[in-house]
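The values are calculated or read from the model by the stated rules, or taken from the named source; none is laboratory data. Predicted model, so just to flag it, every value in this text is computed and none were measured. Positions of Cβ are backbone-derived with ideal geometry, glycine not excepted, and every protein chain shown enters the neighbour counts.
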């Protein structure tokens, strides 16, 4: 079963389909790995073993991933009858009464959810160190962050608990931990995956959900199983031409790729991130693609940062007060971390007119970026501004809790733009530094064009496979 843990979800599903292994056998092996290794990295915070055993031992739906163990991030997507803390003391004993649409689609795909993974409080920081559960540690070096906010999911997949895990992305929260943990992480186009039944969108359309995976084909197959509008959605992404798993065998042709190897804020990038993105550019050229270095995108970074922050912080009281109305709980400073409460208070001071102006600014930038991308098929950048820092890097002094936001912006200068524009984007694990830490590279495509990302990702995976790279904390 340890050998099977090396297989991706697609291969494990094939073993179940051909009756070479039973779902309960896959599950019990996954539980053993979680129990053995989770004390070292603190990735899974809510085991769901009884429910998982009930499903794995019963009649699972005949989906694309029937019988494959899976983990869900403890944020946004809910699972009926299971606690949903969102990394916060405010919700530490809250049990969701319903499945979200995405959870229902996971179940129809035949996935067996074995537990929920750690996340920063309300998913607000690019590191996973909530006061409620404590830090998740990076399997490549336990002194370092796994990123966030889908950090528990990334750590669990990197350590081999399960071949893939659910994640959400409001400013890079799939791509950041994928980079930190040496995994593949794709953020779909806005509204590709539904957020219902309670939500049509989140934070002005910044947030979307998908997964962190070992292989490209798992990401494509899972998106095939979950994409598409639900009844009542306010809008949806352009329909795909064919299943995404079929895109993996389509020749991407000669792509024109715009390379940005400098920080848009003007601050220096870590030399490892520059080396990683230039290495990826050279690999793309070796594969026959045209790479052209460009200085920056044609938008004002200062205006973007200001507008993004306004929309983002306005979403904090929206989320907290919305939870309060649903649960009957009154928010107060003692129930939240200082950083979260500082954003809550900042968001409460944001006027409705200021929010709408910021949203209009973001939408104008969407049009500018879309026009710019008529010249390029993809834009290549580093995923992050530095390698994964040590745990505690984002801690802020008690008298200035908001300082954590400034450090977050320095760490993630590239990923938030695609949340604002709605573009699909991916972090690809092609580079490890001298210290053995993974350094992801980031590709962004035109809105609705996940197909080009999957085609290139499959080509990169074949040219430089990463699945054999295993961290020191690993099940195999």
Residue list for the stretch 380-405, restricted to those being within 25 Å of residue 442 (Cβ to Cβ) and not in a loop (DSSP other than H, G, I, E, B): 380, 381, 382, 390, 404, 405
Answer from 264, 188 - the residue that is at pLDDT below 95, under 21 Å from residue 376 (Cβ atoms) and in contact with a helix residue (DSSP H, G or I) (Cβ under 7 Å, 6 or more places away or on another chain): 264
Filtered residue count, the stretch 380-404, keeping only those that are farther than 21 Å from residue 142 by Cβ and over 19 Å from the mean Cα position of the chain (by Cα): 9
Selected residue (only one of 324, 328, 319, 347 is within 23 Å of the chain's Cα centre (by Cα) and under 25 Å from residue 199 (Cα atoms)): 319
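Which helices (runs of 4 or more DSSP H) sit wholly inside the stretch 1-79 and have at least 1 residues that are surrounded by 15 or more Cβ atoms within 10 Å (Cβ to Cβ), at pLDDT 95 or above and out of contact with any helix residue (DSSP H, G or I) (no Cβ under 7 Å at 6 or more places or on another chain)?
Numbers: elements: 2-5, 9-17, 23-41, 49-56.
Of the helices (runs of 4 or more DSSP H) lying wholly inside the stretch 1-79, those with at least 1 residues that are surrounded by 15 or more Cβ atoms within 10 Å (Cβ to Cβ), at pLDDT 95 or above and out of contact with any helix residue (DSSP H, G or I) (no Cβ under 7 Å at 6 or more places or on another chain) span 9-17, 23-41, 49-56.
With respect to residue 189, determine if the residue is part of a loop (DSSP other than H, G, I, E, B), touching a strand residue (DSSP E or B) at 6+ places or on another chain (Cβ under 9 Å) and buried (at least 24 other Cβ atoms within 10 Å of the Cβ). Show your work before the answer.
On the way: part of a loop (DSSP other than H, G, I, E, B): yes; touching a strand residue (DSSP E or B) at 6+ places or on another chain (Cβ under 9 Å): yes; buried (at least 24 other Cβ atoms within 10 Å of the Cβ): yes.
Yes: the conditions hold for residue 189.
For the stretch 111-132, name all the residues that are over 18 Å from the mean Cα position of the chain (by Cα), crowded, with 24+ Cβ neighbours inside 10 Å and not in a strand (DSSP E or B).
The first filter runs over the stretch 111-132 and keeps only residues over 18 Å from the mean Cα position of the chain (by Cα), leaving 111-112, 114, 131-132.
Pick out the ones that are also crowded, with 24+ Cβ neighbours inside 10 Å and you get 111-112, 114.
Answer for the stretch 111-132, where residues must be over 18 Å from the mean Cα position of the chain (by Cα), crowded, with 24+ Cβ neighbours inside 10 Å and not in a strand (DSSP E or B): just 111.
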First in the stretch 395-407 and over 19 Å from residue 144 (Cβ atoms), second anywhere and at pLDDT 90 or above and part of a loop (DSSP other than H, G, I, E, B), Cβ under 6 Å, 6 or more apart: 403/396
Yes/no for residue 107 being touching a residue at least 24 places away in the same chain (Cβ under 8 Å), surrounded by fewer than 16 Cβ atoms within 10 Å (Cβ to Cβ), at negative phi and under 23 Å from the mean Cα position of the chain (by Cα): no
Test: residue in the stretch 414-430 that is under 19 Å from the mean Cα position of the chain (by Cα), farther than 23 Å from residue 227 by Cβ and surrounded by fewer than 19 Cβ atoms within 10 Å (Cβ to Cβ): no
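Yes or no: the stretch 349-356 includes at least one residue that is in contact with a strand residue (DSSP E or B) (Cβ under 7 Å, 6 or more places away or on another chain) and either surrounded by fewer than 21 Cβ atoms within 10 Å (Cβ to Cβ) or within 30 Å of residue 181 (Cβ to Cβ) (or both).
Looking through the stretch 349-356, none of the residues is in contact with a strand residue (DSSP E or B) (Cβ under 7 Å, 6 or more places away or on another chain) and either surrounded by fewer than 21 Cβ atoms within 10 Å (Cβ to Cβ) or within 30 Å of residue 181 (Cβ to Cβ) (or both).
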